[in-house]
1. Let me spell it out: the conditions are (1) surrounded by fewer than 19 Cβ atoms within 10 Å (Cβ to Cβ); (2) in contact (Cβ under 8 Å) with a residue 60 or more places away in the chain, and A:Ala72 meets all of them except one. Which number is the exception?
2. Could you list all residues from region A:95-145 that are buried (at least 20 other Cβ atoms within 10 Å of the Cβ) and small (Gly, Ala, Ser)?
3. With the condition kept exactly as written, say whether any residue in region A:59-69 is among the β-branched types (Val, Ile, Thr), at pLDDT 85 or above, under 26 Å from A:Ala222 (Cβ atoms) and not in a loop (DSSP other than H, G, I, E, B).
4. Just to be sure before I move on: is A:Gln149 within 28 Å of A:Ala31 (Cβ to Cβ) and either away from chain B (no Cβ under 14 Å) or in contact (Cβ under 8 Å) with a residue 12 or more places away in the chain (or both) in the structure I sent?
5. Going by the structure shown, is A:Thr173 within 14 Å of chain B (Cβ to nearest Cβ), buried (at least 18 other Cβ atoms within 10 Å of the Cβ), part of a helix (DSSP H, G or I) and of a type outside the set (Lys, Arg)?
6. Looking at A:Gly193, is it closer than 18 Å to B:Ala57 by Cβ and in contact with a Leu (Cβ under 9 Å, 6 or more places away or on another chain)?
7. Which one of B:Gly64, B:Gly10, B:Gly22 is at pLDDT below 90 and in a helix (DSSP H, G or I)?
8. How many of the residues making up region A:116-147 are modelled with pLDDT under 90 and within 23 Å of A:Thr173 (Cβ to Cβ)?
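The values are calculated or read from the model by the stated rules, or taken from the named source; none is laboratory data. All values reported here derive from a predicted model rather than from experimental measurement. All Cβ positions, even for glycine, are placed from backbone atoms using ideal geometry, and neighbour counts span all protein chains on display.
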Amino acid sequence: MAIEIRPLEQFKIERLIPIHIGGVDVSYTNAAFLMTVAVVLVTALIMFGTRKRALVPGRWQSVAEMSYEFVADMVDTNVGHGGREFFPFVFTLFMFILFANFLGLIPYSYTVTSQIVVTFALAAVVFVGVTIIGIVRHGVHFLRLFVPQGVPAVLLLLLVPIELLSYCIRPFTLSIRLFANMLAGHTMLAIFGGFAASIGLLGIFPLGINILLVALEVLVAALQAYVFAILTCLYLSDAINLH
Amino acid sequence: MDLASAKMIGAGLACIALVGAGIGIGNVFSALINSVARNPAAQGQVQPFAFLGFALAEATGLFGLAIAFLILFVF
């Protein structure tokens, strides 16, 4: 009995509500649905969590406060003074990615962040925003970011292009990191699941590995949201403090 | 060589990227253990950076793994 393993089928986008406007396909897909769910859940958590404003927080309020403090602490330590005004952006980004990653771990749901389109859009917003903030804050002085301090002039000929390049590939590394983690993790789960289903009784071994892998994926889901947010903080810090 | 076997070899080669990720993750945690053993009070300060380093190192290996998956299942 051979069961065909199709580990990439879980990433297929399906149209839930087909919408076509002027030849452009803007259908409401399962990816869009999961994004909506993520946004609704984050909003609900924050709104219901802070509704009572008890002095001694209950369970929901604790979760809301903990996530708030976690991100606020991250912004404070990494961006420093003047980073507080960007806290809402980083918090939104972190919570959205966290919830999208966790929702993807529910069996038969959809991992929004395993689509490069989604992660690249997020990373591009960060990149363009950070560059604009840097230029508005510092004007031409923003270019100092690409000139390392205390380096001989000859070396600068080499270092400036490298710095420039490493700045320009930031949106790509930022987006591919999240996308590759989610894609590889979920594909791996599906492959081991396929093993378990196709080799009969012995399948208990790949099933055991799969359980451990799910635990790893939970860690990775939280960690990648954290990494995305902290790198956003570091990029912001670059643009605001110029090293 | 036909395309199917070339795909298999290519996917296998792409997985070599995981060597680097393994070395990197090992390095990160060995450094964490080292520093915590020397100064246990610093654990709280050092641990977030360790996990950041772990995630960054792991991601580089996963780029290779993603390429392997792409070779196997997409093309």
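1. Among (1) surrounded by fewer than 19 Cβ atoms within 10 Å (Cβ to Cβ); (2) in contact (Cβ under 8 Å) with a residue 60 or more places away in the chain, the lone unmet condition for A:Ala72 is (2).
2. If the condition is that a residue be buried (at least 20 other Cβ atoms within 10 Å of the Cβ) and small (Gly, Ala, Ser), then A:Ala100, A:Gly104, A:Ser114, A:Ala123, A:Gly134 are the ones that fit.
3. yes
4. When the stated conditions are applied, A:Gln149 does not pass them.
5. No: the conditions fail for A:Thr173.
6. no
7. Going through B:Gly64, B:Gly10, B:Gly22 in turn, just one is at pLDDT below 90 and in a helix (DSSP H, G or I): B:Gly64.
8. Counting residues in region A:116-147 that are modelled with pLDDT under 90 and within 23 Å of A:Thr173 (Cβ to Cβ) gives 7.
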